[in-house]
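Take a look at the structure set out below.
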């Protein structure tokens with residue numbers, strides 16, 4: 001699903017959740033190649049590739065209102081967007097992020113991988129063993145996270161590297177973090193994984209952590225409004241290529 005289409009869909013669902021018309025909802029999808037800039041992004045420092053190289057690889061760039069710095073999405077990466085009313089979950093954004101991390105770590109455990117948190121950075125990491133993050137050892141991020149909260153309802157969420165082309169991350173400084181790397185489920189396990197299957201595992205893990213009863217749906221049954229330019233999610237804006 002294109003980035004603007006997904007943003008418009010999220011906005012429609014956020015508004016429905018704020019009105020109490022729908023329950024907490026998670027979207028699982030893949031994006032075509034796209035760089036997104038969070039509210040804390042330092043584009044000049046952390047988007048390394050020149051526009052010509054981005055154009056050659058068919059990559060767009062969008063400013064968005066999620067938290068965090070710069071990241072990149074593409075085929076083979078599972079993106080999970082949560083439309084969750086935090087009034088039902090402690091009104092605590094940090095707790096929500098920790099629960100997202102816990103769900104991803106549960107998913108990784110199904111593949112005999114031990115995910116870990118970093119004391120400074122949101123997301124889920126692999127490598128180095130127990131205590132590695134605290135000791136400053138090099139870790140590899142497998143799942144990036146960034147959310148937005150509007151009247152206690154969340155949007156955006158996580159991006160789990162399943163079998164995506166990790167060379168795309170050479171075009172940016174992922175999440176603005178230097179000194180660590182990136183990895184994927186495929187690289188860490190040495191075998192291929194279908195994104196759809198990993199999405200089902202993510203749904204089960206989220207159900208365990210949030211005590212949800214998951215009702216699987218089809219994106220085609222959801223409202224798909226036409227993107228409304230600058231109004232989408234409070235101001236998603238295409239940076240490159242220029243409109």
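Of note, residue 58 does not satisfy the criterion of being under 30 Å from residue 191 (Cα atoms), in a strand (DSSP E or B) and out of contact with any helix residue (DSSP H, G or I) (no Cβ under 7 Å at 6 or more places or on another chain).
With respect to (1) farther than 16 Å from residue 221 by Cα; (2) surrounded by fewer than 21 Cβ atoms within 10 Å (Cβ to Cβ), the lone exception for residue 28 is condition (1).
Taking only region 101-111 into account, find how many residues are touching a residue at least 60 places away in the same chain (Cβ under 8 Å) and farther than 15 Å from residue 200 by Cα. Count: 1. When we screen 113, 100, 78, 106 for residues that are touching a helix residue (DSSP H, G or I) at 6+ places or on another chain (Cβ under 6 Å) and buried (at least 22 other Cβ atoms within 10 Å of the Cβ), the only hit is 78. Residues that are within 16 Å of residue 22 (Cβ to Cβ) and assigned to a helix (DSSP H, G or I) were ranked within region 207-219; the one that is modelled with the lowest pLDDT is 219.
Could you count how many residues in region 77-100 are out of contact with any strand residue (DSSP E or B) (no Cβ under 7 Å at 6 or more places or on another chain) and not in a loop (DSSP other than H, G, I, E, B)?
Residues meeting the conditions: 6.
For region 142-193, residues that are touching a helix residue (DSSP H, G or I) at 6+ places or on another chain (Cβ under 8 Å) and either within 18 Å of residue 36 (Cα to Cα) or modelled with pLDDT under 95 (or both) total 20.
Checking the stated criteria, residue 43 turns out not to satisfy the condition of being in contact with a strand residue (DSSP E or B) (Cβ under 9 Å, 6 or more places away or on another chain) and free of Cβ contacts under 8 Å to residues at least 40 places away in the same chain.
The values are calculated or read from the model by the stated rules, or taken from the named source; none is laboratory data. In this text, all values refer to a predicted model and were calculated from it rather than measured experimentally. Using ideal geometry, Cβ is built from the backbone for each residue, glycine included, and neighbour counts are taken over all protein chains shown.
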